[in-house]
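Sharing a structure below in C-alpha cells format, with a few things to ask.
Where a number appears in this text, it was derived from the coordinates with a stated rule and is not lab data. This structure is a prediction, so every number in the text was calculated from the model and none was measured. We place every Cβ from the backbone using ideal geometry, glycine too, and count neighbours over all the protein chains shown.
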C-alpha cells in the first residue's frame, strides 16, 4: 500500500474545487485515459487579474486527485504570473510529499496549470521542435529535460517516477539517459557541478575518510579495513580482524564503507574487496 | 473496524484449527525431524502425516510431494529442473497471463538462449488449444500453464493440455496456486508431471509451498543442501508450517463442496448485484469456467486505486488491476493480454472470497460501492460525454 500523507488522503477523500467552469479564462486537458491519468483544468480571473476560481476533473489515482485538488487551492488568489511559477515540487510539498513513484501526478498538475495559462495568453501550447521520446506515454524531450532540471533527477528510474517516460516498453531508456547526461552537464545543474578531483587528491581523501570515519567504527566491533589500491573509481580494500571472517562483511562494505566514501569523497566510488 | 476481507487470492486467513495444530511445533516439539533422538523423530512422524494429507488433496502419493518455501520457489524449481534434465532442448511454452513467478523466470531464460512461446488468450481470458498444440515442438523442454488465473479466476483446460503434452512426451508443469483447494484436482487421472501450490492461499501460513513431482519424472534440485525431501530440496524442514499445510489441505478437502456452493453463491450475489446496480460495469474473463470465489469487475471511467482507497475507509479489502496499484505504470498484464480497453482495465477491481465471508458482508459491500463509484465518476472528465454515448447505443 502506498504511504500517503494525511494531507494527501484528505485531498483525495474531500477533494476541493471539483468541476468545470463554463466561461473559463484558462482551459487545459493533459494526460490521457490510455496513460492511466488525465486532468481537465479550468480557471477564471477576477477584475483585478487574480485567479478567482479554479476547478478540475480527473481520471486518476488518489495522488492524481489530491495533486489536482491541492494545485487549485494553491493558485486561488494568485495572478497568472504568480501561478506560472508554481512547480510540481510546490504541489508535492503542499501535500506534505508524495511517494517517489507518484511524483508524476504532481507533474501532471503543473502541466495542466501551465497549459491553461498558455491558453489564456493565446500562446502556442507545444513548441514545434519538441519531439516525443517515450512513445508509450507520449512524453516529450522538453518535458523530460524540465523534470530533470527542476527536480535534479539523476537516473532513468527517477525520470519514470516523475514523468512516466520509460515506464512502458523501456525502448527509450537510452534516450532518457542521454537527456539526463546532457542536462546535468549544463552549468548550474547541481549534482554534476562538483569540481574535478585529481587522482592523488582522491586517494588522499579516501585514506583520510577511512581513518577518521570508517576504521574507528569497524574497530569497535573487532574488525578493521586496509586500503590496497585505487583504480579510477574502484576502491580496493582488504578486511582484517573480525571483518575478514564475518558473513556480513560484504554488506558492511557496500552499505557502510561505500556509502560513506561516496558521501564524503566522490559519488561514483565503488568499493571492492580483494584478498591481500 | 473489523476488515471485510475479500482479497483471498492475495492471501488468506490462517484457519483457527490450522494455527492450533502448528503452534506446539514452535516451542514444545521443536526437534529437527532429521535428528536421531525420538524428540526429533516424533516431529518426523507429523511431517509424514502432513505429506499424506497434502497428497490426498491432490490425488497424489506422499513421495510425490516436495515441501518448498513458497509457490514461487516451486515454479522456479520446476522450470529449472526440466531445463537441466533436458539440456538439448531450448524451447519453453507458457502463456501471457502467468503469474510473475513464471513470467520473470521465462523472461530471464529468454536472455539465456532459450526460446519462449507465450500463448495468447482471447477476450474472455481463454486459451486456444489448437494454437497450443501448434506451439509444441520436439525442441520443447517444458510447458508451464497456470491452472486458474489469479486475477480473473478463469480456469484453463489443464487436463486436456497435459494429455496433449504427454502424447508428445513433453514435460508439463502447472502453477495451481489459485486452483488448489478451490476446485477438485485429481493427479492420479491427469498426466501432469509437476504442480506448484502455495500454503497461504488455502488458509495455511505464508512461507510454505509444495512442488508435486510425478513419480519417475527426471528431477534436478534447485535448492542444494542436505538430504531433506529425499535429496530433492535442501534445508531444514519448516516443521510448524508443514504441519499447518497438512491440516489446511485436509480442511480444504472438507470445504471443497462449501467452496463450490456457498462461496460461489456469495460471489454470484456480489457480482450480480454490482452489475445490476452500477451502470457501465463488466465482468472480466469468462464466467463459466471460473474459480467459484473470484470476480473481476471493471468500473468504466474510473481508476481502481481510488475505488480501493475509498473502500478502505470502510475496511473493505480487495485489489485492482489498475496501473496505479501495481507499482508499474501499465495496467495488469492479464487484462492487457485479454485486450480489455484502457477505460476498463484501469478501473478493474478483483473481489476474491473465502469460506469466512458471509451474506452480511456481501450486502455491506454492495451498499457502499455505488456511491463510491458515483463520487469518482463525478470527478472523471470522461464520464459525462461517454455515458451519453453509451445511452444512445
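Using alpha-carbon pairs under 8 Å, 6+ residues apart, how would you state the relative contact order of chain A in percent?
Once normalised by length, the contact order is 12 percent.
Starting from the Cα of residue B:27, step 7 Å along the direction of its Cβ; do the same at residue A:157; then give the gap between the two resulting points in nm.
Taking the simple label geometry, residue B:27 and residue A:157 are separated by 4.0 nm.
Run the helix sum for the protein assembly as shown: -39,500 (n - 2.57) per DSSP H stretch of 4+ residues, divided by residue count, reported at 222 nm to the nearest 500 deg cm²/dmol.
One gets -12000 deg cm²/dmol as the mean residue ellipticity at 222 nm.
Which of rounded, prolate or oblate describes segment A:61-141 when judged by the alpha-carbon gyration tensor and an a/c cut-off of 1.5?
Since a/c reaches 1.5 but b/c is at least a/b, the shape of segment A:61-141 is classed as oblate.
So what's the gap between the Cα centers of segment B:20-65 and segment B:234-285, to the nearest angstrom?
First find each Cα centre; the distance between them is then 26 Å.
How tilted is helix A:62-75 with respect to the longest principal axis of chain A? Cα atoms for both, answer in degrees (0 to 90, nearest 10).
Approximately 70 degrees, to the nearest 10.
Using the Cα gyration tensor of segment B:16-252, with a ≥ b ≥ c the square roots of its eigenvalues, what is the shape: rounded (a/c below 1.5), prolate (a/b larger than b/c) or oblate (neither)?
prolate
Would you mind getting me the FRET efficiency between residue A:93 and residue B:104? Use the beta-carbon distance for r and R0 = 56 Å, nearest 0.05.
For residue A:93 and residue B:104, the calculated efficiency is 0.95.
Can you tell me what share of the DSSP beta bridges in the protein assembly as shown is antiparallel? A percent to the nearest 5 is fine.
Close to 65 percent.
Quick one: order B:383, A:266 by neighbouring beta-carbon count within 10 Å, fewest to most.
Going from least to most buried by this count: A:266, B:383.
Hey, another quick one. Using DSSP, restrict attention to beta bridges with both residues in chain B and report what percent are antiparallel, rounded to the nearest 5.
Here the antiparallel bridges make up roughly 50 percent for chain B.
Once the Cα atoms of helix A:141-151 and of chain A are each reduced to a long axis, what angle between those two axes, in degrees from 0 to 90 to the nearest 10, is obtained?
Once rounded, the angle reads 60 degrees.
Measure off 7 Å from each Cα along the Cα-to-Cβ vector at residue A:229 and residue B:61, then give the distance between these two points in nanometres to one decimal.
About 6.0 nm separates the two model spin labels.
For chain A, what class follows from the C-alpha gyration tensor (a ≥ b ≥ c being the square roots of its eigenvalues): rounded when a/c is under 1.5, otherwise prolate if a/b is larger than b/c, else oblate?
Because a/c hits 1.5 or more and a/b exceeds b/c, chain A counts as prolate.
What distance in nm separates the two pseudo spin-label positions at residue A:262 and residue A:73, each 7 Å out from Cα along the beta-carbon direction?
3.6 nm
For segment A:38-95 and segment A:142-169, what is the separation of their Cα centres, given in Å?
Cα centroid of segment A:38-95 versus Cα centroid of segment A:142-169: 22 Å apart.
Still on this model: So if we plug the beta-carbon distance of residue B:166 and residue B:137 into 1/(1 + (r/R0)^6) with R0 = 22 Å, what FRET efficiency do we get, rounded to 0.05?
Working from the Cβ atoms, E equals 0.90.
Still on this model: So between residue B:115 and residue B:254, what do we pick up on full extension, going 0.36 nm a residue minus the alpha carbon distance?
45.8 nm
So if we plug the beta-carbon distance of residue A:220 and residue A:130 into 1/(1 + (r/R0)^6) with R0 = 41 Å, what FRET efficiency do we get, rounded to 0.05?
0.15
Return the whole-Å distance between the Cα centroid of segment B:91-116 and the Cα centroid of segment B:286-356.
25 Å
Here's another thing I want to ask about it. Provide A:23, A:90 in ascending order of the number of other Cβ atoms located within 10 Å of each residue's Cβ, fewest first.
Arranged by neighbour count, lowest to highest, A:23, A:90 become A:23, A:90.
Order of A:141, A:207 from fewest to most other C-beta atoms within 10 Å?
Ranking A:141, A:207 by Cβ neighbours within 10 Å, fewest first, gives A:207, A:141.
Another question, then. Over chain B, what relative contact order in percent results from Cα pairs under 8 Å that are six or more residues apart?
22 percent
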